Amino acid sequence: MSLPSRLHSFASSLFHRAELDRNMEAEFRFHFDKYAEQLIQSGIAPDEARRRARLELGSLATQKENCRRSLGLRLWDELIADIRFGVRMLRKSPAFAIIAVLSLALGIGVNTTIFTLAKSVLLDRLQVPDPDQLRLLSWTSGKNFAMESLWGNFSDEGGAAHSSSFSYPVYKALRNQTNMFQPLFAFKDISQMTATVDGRAEAIYGELVSGNFYDGMRIHPALGRGISPADDVEGKANVAVLSDAFWARHFARSPDVIGKTININLLPVTIVGVNHPSFTGAEMSRFPEVFLPLSAQPTFLPRGKTGNLLTDPNSWWLQIIGRRIDSPNVSDSALESALDTPFLQVVKSTVTIKEGHDDLPHIRVQPGRRGLDYAKEEFIRPIYVLIALVVFVLLIACANLANLLLARSTARQREMSVRVAMGASRMRVVRQVVTESLLLSLAGGVGGVILGYLLRNLLPRLSSNPWEGIGLHPRFDLYVILFTLGVSVVTGLLLSIPQAFQGRREDVSSGLKEGTRSTASGHNFASKALVIFQISVSLVLLFGAGLFLKTLSNLRAAPIGFQPDRIVLFEIDPPRSRYTPEASLPLHQKILDALVAVPGVQSATLSSDPLVAQDSSINRFQRNDRPKDSKAEAWENNVGSNFFQTLQIPILAGRSFSSSDILTSPKVAIINQKLAHKYFADENPIGKTFNKEKYEIVGVCGDTKYEDLKSEAPPTFFLPYTQSFEANVTYEVRTFATGAEILKSLQQAVATVDKDLPLIHIRTQNEQIDATLSGQRIFALLTSAFGVLALILACIGIYGIMAYTVTRRTNEIGIRMALGAPRSKVLRMILGEASILTIIGVVIGVVTSLFLARLVTTMLYGLKPSDPAALSSAAFVLVAIALVAGWLPARRASQVDPMDALRHE
Amino acid sequence: MGQMDVLQGTLDMLILKAVSLGPLHGYGVLLRIQQISGDQLEIQQGSLYPALYRLEHQGWLASDWGESDNNRRAKFYRLTAQGRRRFNAELEKWNRMSDLMASILSTRPEEV
């Protein structure tokens, strides 16, 4: 028996059904005619001959069915019949069908949405050929590592340092070191560059790439050429490749863009190419818009002591990626050991190793299919919580629908019994049930795909700031559709389980009897279990909503230590290609003067780190009158002289900064209470000095939140920016009024100082604080919405089951009342039954909640994951609502007229 | 009854044999089997076509539409190469089995 021939015949009979039918009929007709002819020849009368031929051959329909069965089409034919029948049944009750499909579409749609997001955070790969061959290099070392200056990602866990930043000399030495890799290539994402097109300056995200980057990634620009090795030579680096988005925004996709000149950090570059829309840089979830050769760094982005990182072996900043050769015999650890020796050699021969900082690094080879990947770390926990949430929502929708289906199938009991009595096997009946459930869930799945497509950008939008743009662009692709299909099938199977079980319990003869109720207990048990399940899941969601809402309000109510109203924030990043660190001091002073002169401005200041903006700088803190303690550290902020007045942070002792604290005057500092408390205890800190610069403490200020609202105010010292060189600063401007006009005046004021300086990330301090709460807000919103949805569904469930119980027991209730039971007792009896269901559900829900809540501990603020108030209010709400839902049928039961009830049967 | 009914399973063998002698339409298969059995075998007309379709589905028979003796369109079945191999294998099995059965059934008490 050959499989291909079977498949072929199966497929051709499926897809050419009409032709197959015609052929069969022609064949049987031929046979019939021939046979009849023979009979006539043997002397039988024509009519009689035809009758006998028909008898012998059997009916045409039976013959056809038997032949189709021989072709292996039986299952298929039955499936088609089941589907037809299912569709007909659904058409007969369109209200039910619509409710079922909509609730499933909702349940499946939210799952599709979250999957799309989860996929982009966890699974999506760089859109380059064979991304699985890519490897990202990184290093680990003891925590006293030798690298003096690190720019880029760095983690310090369990006493080991880990980073993917390398120095340029290391890259150069490793580039052609092993033949297990194709030549290594390198890149660096630059989070802020100023691009000036047609006189308008804009802050953009950029990427520096090595000359062999485009070859290594195997990508080709959509227009022009990529960065080539010939560009990656200092002095020839004035070329740029644009992203598709930048090209569309500034050049309206005109092909004439090649050869045009734009300014990057105020220096001209020639556009040589435009990237394909699918390629968005070597970092997941970042979208660089201008690509420059690495050799552009010294001129366009001077940094470090000499401004030139390419010759500096002590600055580690560059990301290195390799495309490994395709050989299954070479493991990643073999790649590591092949690179480690030359790596150590070049580290030893180039890096200045100081005493106490002599832990040598070792190379690590990580998967590079997602390039440099921050998104995963950042979003993985919230994603898991979201997945749990939407699975709960789907389960509730399923439970509700399963209950509806059960009620329907009770109504269809006779039909099922008739089928079994007519000889349908149990399996056949169950298959019919499964087919109908799948029909519903697949229709829901189609709705889910549509919903998921419409909502695909909702969460990234909710979680991002208006002034920074969206960090995630989930790709809605075939995998999403396959996922939804899978979820729909699983949903359909889940839906059919209760009915299938019920079908098994059924007794044919009793099912056929008129008005019988022998199987009602089976239906009742499954329904009750489903209602209990719904109640417990609702409790979990309501409890989660309580936790996140309380966290949000706790965070909002947390004292922040400064007055955030009517403060406008924006950053100014004077390019070092125009302003040396020394030149940026007078620049900032000029800008401050210009800002204060704007009508409507109360006061203006600046700081190296804006408050509550997830920025932080940590520095060593070493009192000069104490022995050296290498572990002592404190948070640092470089601020303008009237920083404390502008933000209304109280000075508790000593003085504030003044305009006489300048570069040449003695170095001064102000510390906050936390730091005073930590390092000076009961001593008076005023007049004490710290660190090797011998900063003298001149004042103590009140504590303020620093990085975000969640963390306690850290020990912080403030330095006047006039005594340090801080180029990239955030301005804080307190205005009398808010609005677009004042923003315009501020922009004009800065333009009078230097028209090429863009105001970056303009927002108010309150918007800034709100943005740090986006995560909590999303969870509060989603858990509340889902919780309420679950509550409504659970109510319907309780109402349905109780109403059904009352109808079923009308007779019994009538007897009870006829025998003298008071109405109140009947009411209590029915309510008692509803309460038992609710209490069981609540108890299960409480246990589940307490178990699950531990997983979100780190996402909460100001309350424990077992917060009794949240738990008891969720339980209270559920019990109250459940009793209301149970009360309606209970009242109806208590108003039963015994005479009517007894006649009811 | 002068005619024997055909056992399930042997029908396949009979059809393959009939068709191995030359392409035939369905009715022709019926006639040929009756003819070579000397009208000893009666084939249920209802079970002939399902068997033909099954054999074709399994790839042992192939079919073409052609002209019958009186110029009517008819579906002719023929043996495929695969079907011929299969038929030979089945035939050998059949022969061995019937020899075995014959020798078992003809065993006399003193031979045991």
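Any residue in the stretch B:60-78 that is touching a residue at least 12 places away in the same chain (Cβ under 8 Å) and part of a helix (DSSP H, G or I)?
no
Which residue is farthest from residue A:77 (Cα to Cα), if the candidates are limited to the stretch A:22-60 and must be exposed (fewer than 12 other Cβ atoms within 10 Å of the Cβ) and of a type in the set (A, V, I, L, M)?
A:45
List the pairs whose first member sits in the stretch A:865-880 and is free of Cβ contacts under 8 Å to residues at least 60 places away in the same chain, whose second member is part of a helix (DSSP H, G or I) and among the polar types (S, T, N, Q), and whose Cβ atoms are under 9 Å apart, counting only residues at least 6 apart or on separate chains?
A:866/A:849; A:879/A:835; A:879/A:838
Restrict the check to the stretch A:70-81 and report whether at least one residue is among the aliphatic types (A, V, I, L, M), touching a residue at least 40 places away in the same chain (Cβ under 8 Å) and more than 9 Å from every other protein chain (Cβ to nearest Cβ).
There is at least one residue in the stretch A:70-81 that is among the aliphatic types (A, V, I, L, M), touching a residue at least 40 places away in the same chain (Cβ under 8 Å) and more than 9 Å from every other protein chain (Cβ to nearest Cβ).
Those residues that are among the small types (Gly, Ala, Ser) and out of contact with any Leu (no Cβ under 7 Å at 6 or more places or on another chain), I need them from the stretch A:576-623; list them, please.
Within the stretch A:576-623, A:583, A:584, A:594, A:597, A:600, A:603, A:607, A:608, A:613, A:616, A:617 qualify.
So, in the stretch A:273-282, exactly how many residues are within 14 Å of residue A:221 (Cβ to Cβ) and buried (at least 22 other Cβ atoms within 10 Å of the Cβ)?
Residues meeting the conditions: 5.
Can you tell me which residue is nearest to residue B:29 (Cα to Cα) among those in the stretch A:22-60 that are within 13 Å of chain B (Cβ to nearest Cβ) and not in a helix (DSSP H, G or I)?
A:58
Here's the yes/no breakdown for (1) more than 9 Å from chain A (Cβ to nearest Cβ); (2) closer than 25 Å to residue A:12 by Cα; (3) touching a Pro at 6+ places or on another chain (Cβ under 8 Å):
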site: B:11; (1), (2), (3): yes, no, no
site: B:26; (1), (2), (3): no, yes, no
site: B:40; (1), (2), (3): yes, no, no
site: B:44; (1), (2), (3): no, no, no
site: B:76; (1), (2), (3): yes, yes, yes
site: B:79; (1), (2), (3): yes, yes, no
site: B:87; (1), (2), (3): yes, no, no
site: B:95; (1), (2), (3): yes, no, no
site: B:112; (1), (2), (3): yes, no, no
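State whether the residues of the stretch A:13-21 include one that is closer than 18 Å to residue B:76 by Cβ, loosely packed, with under 15 Cβ neighbours inside 10 Å and more than 9 Å from chain B (Cβ to nearest Cβ).
yes
Note down all Cβ pairs under 6 Å where the first residue falls in the stretch A:439-453 and is assigned by TED's automatic domain parsing to the domain that holds residue A:494 and at pLDDT 95 or above, the second is in a helix (DSSP H, G or I) and charged (D, E, K, R), and they're at least six residues apart or on different chains.
none
Across the stretch A:871-905, what is the total count of residues that are part of a helix (DSSP H, G or I) and among the acidic types (Asp, Glu)?
The total comes to 1.
Given the conditions (1) small (Gly, Ala, Ser); (2) within 21 Å of residue A:527 (Cα to Cα); (3) surrounded by fewer than 16 Cβ atoms within 10 Å (Cβ to Cβ), and given that residue A:872 satisfies all but one, which numbered condition is not satisfied?
(2)
Restricting to the stretch A:162-181, give me the number of residues that are aliphatic (A, V, I, L, M) and modelled with pLDDT under 90.
1
Quick one: which residue in A:315, A:285 is crowded, with 19+ Cβ neighbours inside 10 Å and modelled with pLDDT under 85?
The match here is A:285.
Tell me yes or no: at least one residue of the stretch A:578-589 is in contact with a helix residue (DSSP H, G or I) (Cβ under 9 Å, 6 or more places away or on another chain), farther than 30 Å from residue A:792 by Cβ and part of a loop (DSSP other than H, G, I, E, B).
Scanning the stretch A:578-589 turns up at least one residue that is in contact with a helix residue (DSSP H, G or I) (Cβ under 9 Å, 6 or more places away or on another chain), farther than 30 Å from residue A:792 by Cβ and part of a loop (DSSP other than H, G, I, E, B).
What's the total number of residues in the stretch A:224-272 that are at positive phi, touching a residue at least 12 places away in the same chain (Cβ under 8 Å) and either part of a strand (DSSP E or B) or of a type in the set (A, V, I, L, M) (or both)?
2
For a quick check of your reading: which strands (runs of 3 or more DSSP E) sit entirely within the stretch A:716-767 and have at least 2 residues that are touching a Ser or Thr at 6+ places or on another chain (Cβ under 6 Å)?
A:729-735
Quick check on the stretch A:323-339. Is at least one of its residues crowded, with 16+ Cβ neighbours inside 10 Å, within 26 Å of residue A:230 (Cα to Cα) and either touching a strand residue (DSSP E or B) at 6+ places or on another chain (Cβ under 8 Å) or among the aromatic types (Phe, Trp, Tyr) (or both)?
Checked against the condition, which is being crowded, with 16+ Cβ neighbours inside 10 Å, within 26 Å of residue A:230 (Cα to Cα) and either touching a strand residue (DSSP E or B) at 6+ places or on another chain (Cβ under 8 Å) or among the aromatic types (Phe, Trp, Tyr) (or both), the stretch A:323-339 yields at least one hit.
Can you tell me which residues in the stretch A:270-283 are under 20 Å from residue A:203 (Cα atoms) and touching a helix residue (DSSP H, G or I) at 6+ places or on another chain (Cβ under 8 Å)?
If the condition is that a residue be under 20 Å from residue A:203 (Cα atoms) and touching a helix residue (DSSP H, G or I) at 6+ places or on another chain (Cβ under 8 Å), then A:271, A:274, A:275, A:282 are the ones that fit.
The values are calculated or read from the model by the stated rules, or taken from the named source; none is laboratory data. Just so it is clear, the model here is predicted, and its values are computed rather than measured. Methodologically, a virtual Cβ is constructed for each residue, glycine included, from the backbone with ideal geometry; neighbour enumeration extends over all protein chains shown.
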